[in-house]
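Readers should treat all values here as calculations from the given coordinates under stated rules, not as data from a laboratory. Predicted model only: the values in this text are computed from it and were never measured. Reconstructed Cβ throughout: ideal geometry from the backbone, glycine too, with neighbour counts over all protein chains shown.
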Amino acid sequence: MKQDYAHIELADAKAMLKVRDPEGHKGTFGHGLLVAGCKGMAGAAILSARAALRSGMGKLTVHTDEFNLPIMQVAVPEAVIEPITNGQWSMVNYQLSMFDAVAIGPGLGRSDEARNLLLNVVQTHPQRLVIDADGLNLLAQMEEWTALLPRNAVLTPHPKEWERLAGNGNALEYAQRYSLYIILKGHATRIYTPQGTVFVNTTGNSGMATAGSGDVLTGILLSLLAQGYSHEEACRLGVWLHGKAGDIAAAELTPQGMIASDIVEHLPKAFKSLNIEQ
């Protein structure tokens with residue numbers, strides 16, 4: 001099994017960041033679909049949606065429980081909100097080919113309806129797919145879940161979610177065998193790639209160990225994939241920006257005083273820290 005280690009440094013992030021087209025329009029910068037938020041979990045969808053929009057995406061559609069509709073429209077007025085009505089998602093109305101990238105899982109819940117939503121998404125085999133949070137927990141309940149996923153799917157588990165998915169399985173082995181990008185979140189977040197490289201992030205702090213932080217990362221990844229970054233670039237740049245925004249927030253607010261929305265609010269400063277003329 002091939003295994004190469006590399007750290008993600010400031011210079012790497014600078015090299016990956018795309019120069020934004022000064023003549024571009026919202027269609028230029030990608031259209032993402034976020035499937036998130038059951039009743040009572042609108043916050044997860046809001047955090048992820050706002051992070052996506054703060055990361056350069058041109059247009060975002062959020063598919064969420066109908067109960068969340070008025071909440072989402074107030075909290076994220078920039079997004080298009082499409083409600084899940086009576087627990088059902090009509091594939092007639094949602095053709096995944098119209099989106100540049102798809103993310104599913106934050107606050108989705110573990111109901112039968114949520115499971116069907118996940119199956120509907122993965123069975124269409126979107127080329128740019130992020131699965132997080134309850135999406136991973138639902139996936140772990142399915143036999144031979146690895147066979148369901150499209151190539152290059154991005155999974156973002158924390159250690160407990162990875163344990164549910166793979167027990168004591170080696171993340172790098174899974175990434176190579178099943179052509180997955182696995183972002184194992186935690187101190188010095190690691191990215192395991194199908195090519196056998198492990199990228200170790202160098203940004204982030206203990207203040208990010210707070211509810212909703214992972215939802216923010218999902219939004220960043222969705223945005224970068226929708227903008228046309230490669231899977232590896234999106235993962236590497238995404239975790240670096242996520243951690244850098246957290247570091248800037250911690251410097252201003254202290255790690256103890258941080259909440260996940262502070263990471264979102266400091267994303268513009270994380271981009272600005274790359275000092276690239278746009």
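Residues 193, 124, 254 in ascending order of nearby Cβ atoms (within 10 Å, fewest first): 254, 124, 193.
Would you be so kind as to identify all helices of the chain, as entire DSSP H runs, whose Cα atoms reach 18 Å or more along the helix's own axis and whose mean Kyte-Doolittle hydropathy is at least -0.5? List each step's numbers first, then the result.
On the way: long enough: 213-226 (20 Å, 1.64); 231-253 (32 Å, 0.03).
Membrane-span-like by this criterion, though nothing is claimed about a membrane: 213-226, 231-253.
Expressed to the nearest 5 percent, the antiparallel share of DSSP beta bridges inside segment 1-144 is 5 percent. Evaluated at q = 0.15, 0.23, 0.26 Å⁻¹, the base-10 log of the normalised Debye intensity for segment 175-254, with identical point scatterers placed on the Cα atoms, takes the values -0.51, -1.09, -1.28. Per-residue 3J(HN,Hα) values for segment 194-203, derived from phi via the Karplus relation 6.51 cos²θ - 1.76 cosθ + 1.60 with θ = phi - 60°, read x, 7, x, 9, 10, 9, 9, 6, 10, 10 Hz in sequence order (x marks Gly and Pro).
For the pair residue 147 and residue 187, how long in nm is the line joining their label points, each one 7 Å along Cα→Cβ? With each label placed 7 Å out from Cα toward Cβ, I get 4.0 nm.
The mean sequence distance of close C-alpha pairs (under 8 Å, at least 6 residues apart), as a share of the length of the chain, puts its relative contact order at 23 percent.
Based on the Kirkwood radius over alpha-carbon pairs, what value in µm²/s does the Stokes-Einstein equation return for the translational diffusion coefficient of segment 94-165 at 37 °C and 0.692 mPa s? Display every interim value, and only then the final one.
Values: Rh = 12.2 Å.
Diffusion coefficient, whole number: 269 µm²/s.
If I take R0 = 41 Å and measure r between the Cβ atoms of residue 163 and residue 18 in this structure, what FRET efficiency does the formula 1/(1 + (r/R0)^6) give, to the nearest 0.05? Kindly include the intermediate steps, with their values, before the conclusion.
Details: r = 36 Å, r/R0 = 0.87.
With R0 = 41 Å, the Cβ-Cβ based efficiency is 0.70.
Pairs of Lys residues in segment 4-272, spaced 8 or more positions apart or belonging to different chains, with C-alpha separations under 25 angstrom: 27 in total.
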